[in-house]
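Contents: one structure, followed by commentary.
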There are 2 protein chains.
Amino acid sequence: MTEFAELDTPCAIVDLDCVERNIRTFQEYCDEHDIALRPHIKTHKIPDFALQQIAVGAKGITCQKIGEAEIMTDAGIGDILITYNIIGARKLARLRTLADRIDLLRVVVDSETVARGLSGAFADGQKPLEVLVECDTGAGRCGVQSPTETANLARVVDALPGLKFVGLMTYPPNGGMTKVETFFRDAMAKCANFDLECPVRSSGGTPDMWQAHKAPVVTEYRIGTYIYNDKSVMARGGCLEEDCALRVLTEIVSLPAPGRAIIDAGSKALTSDLFGLEHFGYVVGHGDVTVKSLSEEHGILTFDPATQPFEIGQRLQIIPNHVCVVSNMFDYVQLCRNGIFENPAFVAARGKMV
Amino acid sequence: MTEFAELDTPCAIVDLDCVERNIRTFQEYCDEHDIALRPHIKTHKIPDFALQQIAVGAKGITCQKIGEAEIMTDAGIGDILITYNIIGARKLARLRTLADRIDLLRVVVDSETVARGLSGAFADGQKPLEVLVECDTGAGRCGVQSPTETANLARVVDALPGLKFVGLMTYPPNGGMTKVETFFRDAMAKCANFDLECPVRSSGGTPDMWQAHKAPVVTEYRIGTYIYNDKSVMARGGCLEEDCALRVLTEIVSLPAPGRAIIDAGSKALTSDLFGLEHFGYVVGHGDVTVKSLSEEHGILTFDPATQPFEIGQRLQIIPNHVCVVSNMFDYVQLCRNGIFENPAFVAARGKMV
């Protein structure tokens, strides 16, 4: 096997046909169910892919970091939701600059402290900053804890200079469609008591992407991983192996003992993310081989010592457990079509910490 | 607490006094025990720190990737050991170019296949490539499995055009000093039967750094983590909290519920490396607080709900579990002295996959 002989290992290869199919298929699902799609670019961090997602029908994009949003704005994207509490004078100044450059910038808040910071930065703005209240519907990360808290915070937000409350946002727990439906409906009713409408009800997550329509209250869906997919999505039944667009191309560098092979991809390529799975990725075409452990630049494969499926220099493709963190390890991903390497794509927002 | 107010979070801060002390202290230990020190630059990936390690007394450096070695060569370092099986025409050509640029380049092999590839690239060289045979003394990664295999491979290497066998290399298992001593002594005797000397006997590893002298056969010690240290070294008794030079500076962005705080450092900053530990880092000054879980850009801290030690916007320093992978996430680290930010240092070899 001398796949992609022109590429040096380890590298991340991305199948363009698969990317385009993944983008199109979920867009069609959202269109069918009348859900606005707002892809999260944290997975690919590549402006061209974000533009492609919009060209196929996405309403806008989601970012987690101001630095990501700045890069997407530079690429001409004008509708961005940052699903993160933005605090501190430096970040707020950058947020304001960003808002003045694009058509629509939205952010989330889950506390009055965060809302007051935003207000301070936007009180003298040309247009108000649109704000969603983040709700904890069971995932246990950020978010207000109840519909009552949601409405109380919405009222605070809407009264603050420079801010406009426009709705609700959540990152739901796995299988949490009913929880989202119940929480959002209740929160909307409580907001209505304050004469506040919630035109935007934003949910998301790849694990339950095909169940998005089961929370009909949701108007907008945020999703990142679906563009590449990974072992975790496969394991949860969200995609098939052929839907996994990003693979780490690696090479066997050592066969030190029966039942053990060493590859040139370790935790600095595949990362240690288990994401609820066992072991560190899926070896394409070798379902009986385990990526047992990783050190920084080595991966240890184990297999039945009675077999010797490998030779030194042989290339393998690994579907990572969690593709979003893996794509963030590479300065470039290698774009391929029909098994042929086309060109590298710069992962422009890689490593944007702020 | 408004520490390092001029820095935006999350970022990696590096205390220069601590770095200098860590470099000096282990150099003194090696000098005392007459062990040549060859620091592994995979931890910091910063040429200035490598030059400092050499200025204080290191014999040369260790790299894992050709790309790392190229950057260190550009910085003027002329003595490099790459502890990795280098295979494939592209990498071998780069290795040869590198060898022609510096005084001393050494590599390791653990198979005849790898040795023959190196020979092909160096057969017409000005000087032979110095080669160590990598030995698996119990860590179960790369390496030949026995002293007999070692000697057999050494004989093959030394007979190949363009190569010169110069000794043994191992990355030992934790607490494996006796194993290294026994394996190396036996391998040297078996090599002597073939009239082959092993002037270089290279071992390494931060976990057992203070035990290096207990394998007196070892002439050279490779060590990376010691420059920064981390929670894993602390947990194994190798350093104290004040010896941990790199910390991730992070900010509380949400206090959604009693006993839970959310920070702006997730798996794209702290990584998911557990390294045998529980949880995802040590919160300086808050030993009773747990970094319970990470998503990509959020860290979830948990603590006794009866207490509320934090406020939104408060800054915390996290000592990561495994600093080598964390430093590799950041394009820059922020250099500090006496609690004052001095300047950023470019992590020049960050993300060098090849």
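Based on the Kirkwood approach, the hydrodynamic radius assigned to the range B:38-82 is 9.9 Å, with every pair of different Cα atoms included.
Taking one quarter of the surface of the C-alpha convex hull of the range A:17-227 gives a mean projected area of 10.4 nm².
For a straight C-alpha distance cut-off of 15 angstrom, the aspartates and glutamates reachable from residue A:179 (same-chain residues fewer than eight places away being disregarded) are A:134, A:136, A:208. Taking chain A as a Gaussian network of alpha-carbon nodes connected by springs under 10 Å, the highest mean-square fluctuation of the residues A:266, A:224, A:287 belongs to A:287.
Out of A:270, A:218, A:229, whose Cα points farthest toward the positive end of the dipole of the range A:216-291 (charges: +1 Lys, Arg; -1 Asp, Glu; placed on Cβ)? With unit charges placed on the Cβ atoms, the residue in question is A:270. Summary for residue B:185: label point 7 Å along Cα→Cβ; distances to the equivalent points in the other copies, ascending, 7.7 nm.
Rounded to the nearest Å, what's the spacing between the alpha carbon centres of the range B:66-91 and the range A:13-35? Just the number, please. Going from one Cα centre to the other spans 42 Å. Distances from residue A:274 to itself in the other copies, using label points 7 Å out along the Cα-Cβ axis, amount to 0.4 nm in increasing order. Applying a length cut-off of 20 Å (Cα extent along the axis) and a mean Kyte-Doolittle floor of 0.5 to the DSSP H helices of chain A leaves no helix. Measuring between alpha carbons in the structure, the pairs from A:65/A:231; A:352/B:292; A:231/B:45 lying more than 27 angstrom apart are A:231/B:45. Sorting A:17, B:15 from the fewest to the most surrounding beta carbons within 10 angstrom yields A:17, B:15. By the count of other C-beta atoms within 10 Å, a proxy for reagent exposure, A:37, B:249 are ordered fewest to most as B:249, A:37.
Chain A comes nearest to the axis taking it onto chain B at the Cβ of one residue; that residue and its distance, in whole Å, are A:272, 2. Going from the fewest other Cβ atoms within 10 Å to the most, the residues B:286, B:298 appear in the order B:286, B:298. The relative contact order of chain A, computed from alpha carbon pairs under 8 Å that lie at least 6 residues apart in sequence, is 21 percent. Within the shell defined by Cβ-Cβ distances under 12 Å, the residues around residue B:92 carry a net charge of +4, with Lys and Arg each +1 and Asp and Glu each -1. Label-to-label distance, residue A:5 versus residue A:90, with points set 7 angstrom from Cα along the beta-carbon direction: 4.9 nm. Other protein chain C-beta atoms within 10 Å of residue C-beta, averaged over B:320-326: 2.
Loop-located GluC sites (Glu not before Pro) in the range A:255-354 (DSSP state other than H, G, I, E, B) with a sparse environment of at most 11 neighbouring Cβ atoms within 10 Å: A:278, A:311. Between identical copies, the spacing of residue A:339 label points, each set 7 Å from Cα toward the C-beta atom, reads 6.3 nm from nearest to farthest.
Under the convention that each Lys and Arg Cβ holds +1 and each Asp and Glu Cβ holds -1, the size of the dipole of the range A:232-346 around its Cα centre is about 60 debye.
Charged neighbours of residue B:17, selected by a Cβ distance under 12 Å, balance to -2 (K, R count +1; D, E count -1).
A cut-off under 14 angstrom between Cβ atoms defines the neighbours of residue A:177, and their net charge, with Lys, Arg +1 and Asp, Glu -1, is +2.
For the range B:232-346, the relative contact order works out to 28 percent when only alpha carbon pairs closer than 8 Å and six or more residues apart are counted. Taken as Cα centroids, the range B:97-154 and the range A:219-262 sit 32 Å apart, rounded to the nearest whole angstrom. With only Cα atoms counted, the protein assembly as shown has Rg and Dmax values of 26.7, 91 Å.
Calculated [222 nm] ellipticity per residue, helices only, for chain A: -8500 deg cm²/dmol; basis is -39500 (n - 2.57) per DSSP H run with n ≥ 4, divided by all residues, nearest 500.
Say we join alpha carbon atoms closer than 10 Å with springs in a Gaussian network model of chain A; which of A:218, A:284, A:14 then has the biggest fluctuation? The residue with the greatest mean-square fluctuation here is A:284.
Out of every Cα-Cα pair in the range B:230-354, what percent are more than 22 Å apart? Of all Cα-Cα distances in the range B:230-354, 35 percent exceed 22 Å. Where both partners of a DSSP beta bridge lie in the protein assembly as shown, what percent of those bridges are antiparallel, to the nearest 5? Looking only at bridges with both residues in the protein assembly as shown, the antiparallel portion is about 45 percent. Sorted from longest to shortest, the spans of the Cα atoms of chain A along the three principal axes equal 71, 38, 35 Å.
Since every read-out is calculated from the coordinates, none of them should be taken as a lab result. In this text the structure is predicted, and so the values were computed from the model without any measurement. FYI the Cβ positions are ideal-geometry reconstructions off the backbone, even for glycines, and counts take in every protein chain you see.
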